[in-house]
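Structure record follows, encoded as C-alpha cells.
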Amino acid sequence: MEVVILADEREVGAFAAGRIASMIDKHPATVLGVATGSSPQQTYRVLAEQVDAGLDVSRVSAFALDEYVGLSRDHPQSYHQVIAETVTEPLGLDPSRVHVPDGMALDLDAACADYEDRIAAAGGIDLQLLGIGANGHIGFNEPTSSLASRTRVKTLTARTRADNARFFDDPDQVPRQCLTQGLATILDAHTTVLVATGTAKARAIARIVEGPVQALWPGSVLQLHRRATVVVDEAAAAELELADYYRYTDSQRRLREAERRTD
Ligand code: F6R
C-alpha cells in the first residue's frame with residue numbers, strides 16, 4: 001500500500017483530486033468509482049475547480065459504491081440525490097453516464113447482479129475513490145463481510161446507522177439496509193484511492209494498513225490490491241506505527257516527481 005500523510009483535509013482532497021485528474025488526462029473515458037459521505041467532499045470540490053480550469057470530463061463515467069434500500073431517488077439523503085448534488089452537477093458529468101445501485105428495486109438481488117453487469121459493460125472501474133467507516137467498512141461492507149463479496153444487500157451496523165444519523169432529521173429515519181459493491185468488486189478496480197481525515201478514523205486506518213487482512217476490518221482487504229493508495233491527514237495517521245517510514249517514502253516519491261519535471 002502507498003500511504004500518504006498530509007497536513008489537513010485540504011491537502012488530502014487536493015492530492016486525491018490530482019490523482020483523479022491525471023488519470024482523466026491520460027484516459028479521457030475514465031470510469032470512476034465514487035463514494036458519498038463527508039470524506040471525499042474536498043476531493044470533489046478541487047476536481048470541480050479543475051473542470052472549471054479546463055479538465056475535460058465529457059467522456060468520464062461514474063459508479064457509486066452504494067445506496068440505501070427503501071429511499072426514493074428524490075429523497076435528499078438517497079445516494080442517487082447525494083451523488084447528483086456533489087458529483088454529477090458540480091463536475092458537469094453526463095447524468096446518463098452516472099450509475100447508482102437501485103435501492104428501490106422490487107428484486108434487490110437482480111438489481112445487484114445488474115449493477116455488476118453494468119460495471120463490467122463499462123470495462124471495469126479505473127479508479128475507485130473510497131472513504132472509510134470508523135468500524136473499517138469500505139462501501140457499506142460492514143465488519144465480517146466476505147472478502148470475496150460482490151454487489152449485494154447488506155444490513156447496516158448500529159455504529160454505521162449512528163454515524164450517518166447526522167444526515168437525517170431523526171436517527172430512526174436512517175435505513176437499516178443498503179446495496180453495496182462487494183469487497184471483491186472494489187478489488188477489481190484498476191486503482192483505489194482511500195481518503196480519511198480526523199481522529200475518529202485513526203484506529204480504522206491503523207487496523208487496515210498495518211493489521212492483518214481480516215473480515216473484521218473490511219478495508220484491510222486493500223492490502224491485497226496492487227495499486228492501493230491511502231491518503232490521510234495527521235489526525236487520521238495518529239495510530240500508524242510506521243508513520244515516519246511513510247513520510248520518508250512519500251518524500252522520495254516527491255523527489256522523483258520533481259526530477260522528472262526538470263528532465
Ligand atoms: C459512502 C461509503 C462509506 C463512507 C464511510 C465514511 O459511499 O461507501 O464507506 O465512505 O462511511 O463516511 P464519512 O466520509 O461520512 O465519514
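Looking for something open to solvent by 40 Å² or more (accessible area, probe 1.4 Å) and either among the hydrophobic types (A, V, I, L, M, F, W, C) or assigned to a helix (DSSP H, G or I) (or both) - is there at least one such residue anywhere in region 58-81?
Yes: region 58-81 contains one or more residues that are open to solvent by 40 Å² or more (accessible area, probe 1.4 Å) and either among the hydrophobic types (A, V, I, L, M, F, W, C) or assigned to a helix (DSSP H, G or I) (or both).
If a residue has to be open to solvent by 50 Å² or more (accessible area, probe 1.4 Å), under 20 Å from ALA17 (Cα atoms) and assigned to a loop (DSSP other than H, G, I, E, B) to count, how many in region 93-147 make the cut?
1
Only one residue in VAL4, VAL34, VAL69 is away from the ligand (no atom under 16 Å from the Cβ), at pLDDT 95 or above and not hydroxyl-bearing (Ser, Thr, Tyr), so which one is that? Give the steps one after another, and end with the answer.
On the way: VAL34 fails: away from the ligand (no atom under 16 Å from the Cβ); VAL69 fails: away from the ligand (no atom under 16 Å from the Cβ).
Just a single option satisfies the conditions, and that option is VAL4.
Quick grid of which residues meet (1) under 16 Å from the mean Cα position of the chain (by Cα); (2) within 30 Å of ARG161 (Cβ to Cβ); (3) free of Cβ contacts under 8 Å to residues at least 40 places away in the same chain:
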{"residue": "PHE15", "(1), (2), (3)": "yes, no, no"}
{"residue": "ARG19", "(1), (2), (3)": "yes, no, no"}
{"residue": "VAL31", "(1), (2), (3)": "yes, no, no"}
{"residue": "SER38", "(1), (2), (3)": "yes, yes, no"}
{"residue": "VAL60", "(1), (2), (3)": "no, no, yes"}
{"residue": "VAL87", "(1), (2), (3)": "yes, yes, no"}
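Could you identify the single residue in ALA228, ALA189, ALA236, ALA184 that is within 16 Å of the ligand (Cβ to nearest atom), open to solvent by 10 Å² or more (accessible area, probe 1.4 Å) and within 17 Å of the chain's Cα centre (by Cα)?
On the way: ALA228 fails: open to solvent by 10 Å² or more (accessible area, probe 1.4 Å); ALA189 fails: open to solvent by 10 Å² or more (accessible area, probe 1.4 Å); ALA236 fails: open to solvent by 10 Å² or more (accessible area, probe 1.4 Å).
Within the list ALA228, ALA189, ALA236, ALA184, the selection yields ALA184.
Going through region 116-140 one residue at a time, which ones are within 15 Å of the ligand (Cβ to nearest atom) and farther than 21 Å from ILE24 by Cβ?
ILE132, GLY133, ALA134, ASN135, GLY136, HIS137, ILE138, GLY139, PHE140
Which condition number does ALA243 fail, the rest of (1) surrounded by fewer than 20 Cβ atoms within 10 Å (Cβ to Cβ); (2) touching a Leu at 6+ places or on another chain (Cβ under 8 Å); (3) small (Gly, Ala, Ser) being met?
Condition (2) is where ALA243 drops out.
Six or more apart or on different chains, Cβ under 8 Å: which pairs go from a residue in region 130-143 that's within 12 Å of ASP163 (Cα to Cα) and of a type in the set (S, T, N, Q) to one that's more than 6 Å from the ligand (Cβ to nearest atom) and open to solvent by less than 10 Å² (accessible area, probe 1.4 Å)? Could you list them?
Close Cβ pairs (under 8 Å, with a partner that is more than 6 Å from the ligand (Cβ to nearest atom) and open to solvent by less than 10 Å² (accessible area, probe 1.4 Å)) amount to ASN135/GLU142; ASN135/THR160; ASN135/ALA204.
Residues that are in contact with a helix residue (DSSP H, G or I) (Cβ under 6 Å, 6 or more places away or on another chain), modelled with pLDDT of 95 or more, more than 16 Å from HIS225 (Cα to Cα) and within 11 Å of the ligand (Cβ to nearest atom): does region 152-170 have at least one?
So in region 152-170, the residues in contact with a helix residue (DSSP H, G or I) (Cβ under 6 Å, 6 or more places away or on another chain) come out as 152-153, 165.
Checking the rest, the ones that are also modelled with pLDDT of 95 or more come to 152-153, 165.
Now drop any that are not more than 16 Å from HIS225 (Cα to Cα), which leaves 152-153, 165.
If we keep only those that are within 11 Å of the ligand (Cβ to nearest atom) too, we end up with none.
Within region 152-170 (the criterion being in contact with a helix residue (DSSP H, G or I) (Cβ under 6 Å, 6 or more places away or on another chain), modelled with pLDDT of 95 or more, more than 16 Å from HIS225 (Cα to Cα) and within 11 Å of the ligand (Cβ to nearest atom)), the answer is no, since none of the residues qualifies.
Can you confirm whether LEU47 is away from the ligand (no atom under 13 Å from the Cβ), surrounded by 19 or more Cβ atoms within 10 Å (Cβ to Cβ) and closer than 19 Å to ALA196 by Cβ? Spell out the reasoning first.
Details: away from the ligand (no atom under 13 Å from the Cβ): yes; surrounded by 19 or more Cβ atoms within 10 Å (Cβ to Cβ): yes; closer than 19 Å to ALA196 by Cβ: yes.
So LEU47 passes the test.
Could you run through region 199-216 and say how many residues are touching a residue at least 40 places away in the same chain (Cβ under 8 Å), open to solvent by 10 Å² or more (accessible area, probe 1.4 Å) and within 13 Å of the ligand (Cβ to nearest atom)?
First pass over region 199-216, keeping only residues touching a residue at least 40 places away in the same chain (Cβ under 8 Å): 200-201, 203-205, 207-209, 213, 215-216.
Next cut, open to solvent by 10 Å² or more (accessible area, probe 1.4 Å) only: 200-201, 203, 207, 209, 213, 215-216.
Keeping just the survivors that are within 13 Å of the ligand (Cβ to nearest atom) gives 200-201.
Of the residues in region 199-216, 2 are touching a residue at least 40 places away in the same chain (Cβ under 8 Å), open to solvent by 10 Å² or more (accessible area, probe 1.4 Å) and within 13 Å of the ligand (Cβ to nearest atom).
Can you report the number of residues in region 182-202 which are outside any helix (DSSP H, G or I), among the small types (Gly, Ala, Ser) and more than 11 Å from VAL232 (Cβ to Cβ)? Spell out how you get there, then give the answer.
Narrowing region 182-202 to residues outside any helix (DSSP H, G or I): 182, 188-198.
Then keep just the ones that are among the small types (Gly, Ala, Ser); that gives 182, 189, 196, 198.
When the remaining residues are screened for being more than 11 Å from VAL232 (Cβ to Cβ), the result is 182, 189.
Looking only at that region, the number is 2.
If a residue has to be in contact with a helix residue (DSSP H, G or I) (Cβ under 6 Å, 6 or more places away or on another chain) and part of a strand (DSSP E or B) to count, how many in region 4-37 make the cut?
Within region 4-37, residues that are in contact with a helix residue (DSSP H, G or I) (Cβ under 6 Å, 6 or more places away or on another chain) and part of a strand (DSSP E or B) number 4.
State all residues of region 160-176 that are more than 19 Å from the chain's Cα centre (by Cα) and outside any loop (DSSP other than H, G, I, E, B); if no residue qualifies, say none.
Within region 160-176, ALA162, ALA165, ARG166, PRO171, ASP172, GLN173 meet the criteria.
The values are calculated or read from the model by the stated rules, or taken from the named source; none is laboratory data. Keep in mind that what you see is a predicted model, and the values were worked out from it rather than measured. Every residue, glycine among them, receives a Cβ derived from its backbone with ideal geometry; neighbour counts consider all protein chains shown. Areas reflect the complete protein model, heavy atoms only, side chains present, ligands, DNA and RNA absent. Shrake-Rupley method; radii C 1.70, N 1.55, O 1.52, S 1.80 Å.
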